Amino acid sequence: MTTNEQTLTGERADLLDFLGKHRYFLRHTAQGLTDEQANTRSTVSALTVGGLIKHVTAVEQNWADFARNGGGEDVTEVEFTPEFVAAWEDKFRLVEGETLAGVLAEYERIAAETDELVKTLDLDASYELPAAPWQPPGVFWTVRRVFMHITAETAQHAGHADIIRETIDGQKSMG
């Protein structure tokens, strides 16, 4: 261990371990897939393994930014134009020019940044959530809760990805 490394214990170590475990399961669902398979809709859902990794990456980055800076962009008025819907759907699949390797590399980059925040931010700092139709005003989350939410989001989508992958070729994350 270098002098720049620190050994984490307690809550921060638990948060990193728990998040790392669910990230592993999500990445494992993509192991050995081609770009075409990673972009395959294998259930009635529009979700794909590659698209879920892309989505989880964006969600983690957004929440990590919230934990780092507080605040965020209010989402009170959304106009569901065809362009908006198409752009939203593109967040859940690989689009032209994207590869599974590319989205996995971006996921690793964002994960490393988030891990640094888990190690360094004040877990008790609290920020008001942005205004949104699904969110009443005046709700505050601690940085700790943000990291717990990132973990929950990752775990949920790892389960989705596991079902999609099992439908593609029978591989399962566990069992």
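I need every pair where a residue in segment 44-58 that is touching a residue at least 24 places away in the same chain (Cβ under 8 Å) has its Cβ under 6 Å from the Cβ of a residue that is polar (S, T, N, Q) and open to solvent by less than 10 Å² (accessible area, probe 1.4 Å), sequence separation at least 6 or different chains.
Every condition considered, the pairs that remain are Val49/Thr29; Val56/Thr154.
Among Phe25, Phe18, which is open to solvent by 90 Å² or more (accessible area, probe 1.4 Å), touching a helix residue (DSSP H, G or I) at 6+ places or on another chain (Cβ under 8 Å), under 21 Å from Met174 (Cβ atoms) and at pLDDT 95 or above?
Only one candidate passes the filter, namely Phe18.
Looking at Glu98, Glu108, Glu113, can you tell me which residue is within 23 Å of Thr29 (Cα to Cα), in a loop (DSSP other than H, G, I, E, B) and at pLDDT 95 or above?
None of the other options fit; the residue is Glu98.
With respect to Glu73, determine if the residue is in a loop (DSSP other than H, G, I, E, B) and either modelled with pLDDT under 95 or surrounded by fewer than 14 Cβ atoms within 10 Å (Cβ to Cβ) (or both).
For Glu73, the condition - in a loop (DSSP other than H, G, I, E, B) and either modelled with pLDDT under 95 or surrounded by fewer than 14 Cβ atoms within 10 Å (Cβ to Cβ) (or both) - is met.
Restrict the check to segment 76-92 and report whether at least one residue is more than 21 Å from Ala158 (Cβ to Cβ), open to solvent by 80 Å² or more (accessible area, probe 1.4 Å), of a type in the set (Asp, Glu) and part of a loop (DSSP other than H, G, I, E, B).
Yes: segment 76-92 contains one or more residues that are more than 21 Å from Ala158 (Cβ to Cβ), open to solvent by 80 Å² or more (accessible area, probe 1.4 Å), of a type in the set (Asp, Glu) and part of a loop (DSSP other than H, G, I, E, B).
The values are calculated or read from the model by the stated rules, or taken from the named source; none is laboratory data. Just so it is clear, the structure is predicted and the values come from calculations on it, not from any experiment. All Cβ positions, even for glycine, are placed from backbone atoms using ideal geometry, and neighbour counts span all protein chains on display. Calculation scope for accessible area: heavy atoms of the full protein, side chains included, ligands and nucleic acids excluded. Shrake-Rupley method; radii C 1.70, N 1.55, O 1.52, S 1.80 Å.
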